[in-house]
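All remarks here apply to the structure that follows.
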Amino acid sequence: MSTPYIPCLDLGSYINGSEEERKKFSDELGRAFNDSGFVTITNHGLSQELIDKLYENIKAAFSLPIEIKRKYEKPELAGQRGYTSAGKETAKGAKTPDLKEFWQIGQEVTDGDPVKNEYPDNEILEELPEFNKVTGDIYKKLEENGTHLLRAIATYLALPINYFDKHVHNGNSILRGIHYFPIENPETIPDDAVRAGAHEDINLITLLIGASADGLEVLTRSNEWLPIKAHHTDIVVNVGDMLQRLTNNKLKSTTHRVVNPPRELMKTSRFSVPFFLHPRSDMDLTSLPSTIDAEHPKAYSDMTAGEYLDERLREIGLKK
């Protein structure tokens, strides 16, 4: 079995590098997304202080009493803003909900763009004022990093470097704080209950700040589960379904999961903060002509990002 290619790439070398360095970054990113579907990113501009503050606030938010958290749960928003309690999200095709609760923060449109009317307001966590500031700062920083990564992907796909820019400006991206809560009585949960069932992300790319504990595994092309080890300061990046559709499987959406910890650690929490980079809802996900040929016939029907998101939210149980 060949070892999957999961490089650690320096984003600073792309943002500030020479043309040659930018091309090298783009090539390595494309190669990894063809192979394992994952990379880790360093030199991304998020300070250790900001990351520590983020996790401090995420932990504090989930430590609030359940009656306070439920104030911020809005089922009519299909989990897209505010709090979502345990038992609400199920991996596509699974029968048992994931063992987690989460909080989602969405786009804040500040430039008069009419797309603002499509987005619900964020829930402001009154009990923890710093939470709103820190998560907002992280959102903007990851959105900025994601734009650079998509430019590198555009170069790899032989598209104009700014191909994705207009689609992700004020895009429908989501920052999700996740609490995989302690499993107090392992013998009472269903055999198939896991922290996050095997799934692919819906969006273009996902940027994940190194989680508080191990557990993330990726399904390799040789059909084996590989644990992803990332430093707390690294950002893990993977391909989502929207980019897979757009590239007619040239860039493959990565199947991944979060497994339950060993029995002796089941009573501990795990925290994770992914940023799901979504385009605007009107982006056309029709597969690029350059990715379709006799060996690679068109694999997907035509639809917009908004139509695809709606379909997937229903499949995972967040939308009725």
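Here are the numbers:
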item: Residue among ALA86, CYS8, LEU128 farthest towards the positive dipole end of the stretch 1-151, charges placed on Cβ; result: ALA86
item: Options ILE41, ILE205, TYR180, ranked by Cα towards positive dipole end of the chain, top entry (Cβ charges); result: TYR180
item: Length gained when the stretch ASP293-ILE124 is fully extended (0.36 nm per residue, less Cα-Cα span); result: 56.0 nm
item: Surface per residue (accessible, 1.4 Å probe) for the stretch 25-64, Å²; result: 37
item: Percentage relative contact order, the chain, counting C-alpha pairs under 8 Å, at least six apart; result: 21
item: Dipole magnitude of the stretch 87-223, debye to nearest 20 (Cβ charges: Lys/Arg +1, Asp/Glu -1, about Cα centre); result: 580
item: Most fluctuating residue given options GLY87, GLY79, GLY171, as computed from a GNM of the chain linking Cα atoms under 10 Å; result: GLY87
item: Quarter of the Cα convex hull surface for the chain, i.e. its orientation-mean projected area (nm²); result: 17.1
item: Highest-fluctuation residue, GLY112, GLY93, GLY215 considered, GNM on the chain with Cα pairs under 10 Å; result: GLY112
item: Pair ASP27, GLU144: separation of 7 Å Cα→Cβ label points (nm); result: 2.9
item: Under the Debye formula (equal points on every Cα, no solvent term), log10 I(q)/I(0) of the stretch 114-165 at q = 0.13, 0.18, 0.27, 0.32 Å⁻¹; result: -0.51, -0.76, -0.96, -1.06
item: For the stretch 193-266: rounded, prolate or oblate by the Cα gyration tensor [a/c cutoff 1.5]; result: prolate
item: Ratio Rg/Rh [Cα only; Rh per Kirkwood] for the stretch 226-320; result: 1.06
item: Neighbourhood net charge (15 Å Cβ-Cβ; Lys/Arg +1, Asp/Glu -1) for GLU108; result: -2
item: Nearest-10 value in Å² for the accessible area of HIS232, using the 1.4 Å probe; result: 60
item: Inter-label distance for ASP165 and THR286, nm, one decimal - labels placed 7 Å from Cα along Cα-to-Cβ; result: 2.4
item: Spatial separation of Cα centroids for the stretch 1-79 and the stretch 152-210, in angstrom; result: 9
item: FRET efficiency, 1/(1 + (r/R0)^6) with R0 25 Å, evaluated for ASN34 and GLU311 via beta carbons; result: 0.45
item: Global geometry of the stretch 32-73, whether rounded, prolate or oblate, following the gyration tensor of its Cα atoms and the 1.5 cut on a/c; result: oblate
item: Rounded percent of accessible protein surface that carbon and sulfur make up, the chain, 1.4 Å probe; result: 51
item: Options GLY146, GLY17, THR255, ranked by Cα towards positive dipole end of the chain, top entry (Cβ charges); result: THR255
item: Gain on full stretching of the segment that runs from ASN43 to THR96 - 0.36 nm per residue minus C-alpha separation; result: 15.2 nm
item: Probe 1.4 Å, protein heavy atoms only - accessible area per residue of the stretch 65-157 in square angstrom; result: 46
item: Reachable aspartates and glutamates from LYS69, criterion Cα separation under 12 angstrom, eight or more residues apart if same chain; result: GLU101, GLU123, GLU126, GLU127
item: About the Cα centre, charge dipole magnitude for the chain (Lys/Arg +1, Asp/Glu -1 at Cβ), debye; result: 380
item: Residue of ASN260, ASN117, ASN249 that the Gaussian network model of the chain assigns the largest fluctuation, springs spanning Cα pairs under 10 Å; result: ASN117
item: Rg to Rh, two decimals, where the stretch 115-237 supplies the alpha carbon set and Rh follows Kirkwood; result: 1.01
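The values are calculated or read from the model by the stated rules, or taken from the named source; none is laboratory data. Please read these numbers as outputs of a predicted model, since none were measured by experiment. Using ideal geometry, Cβ is built from the backbone for each residue, glycine included, and neighbour counts are taken over all protein chains shown. Surface areas here come from the heavy atoms of the whole protein model, side chains and all, with no ligands, DNA or RNA. Shrake-Rupley method; radii C 1.70, N 1.55, O 1.52, S 1.80 Å.
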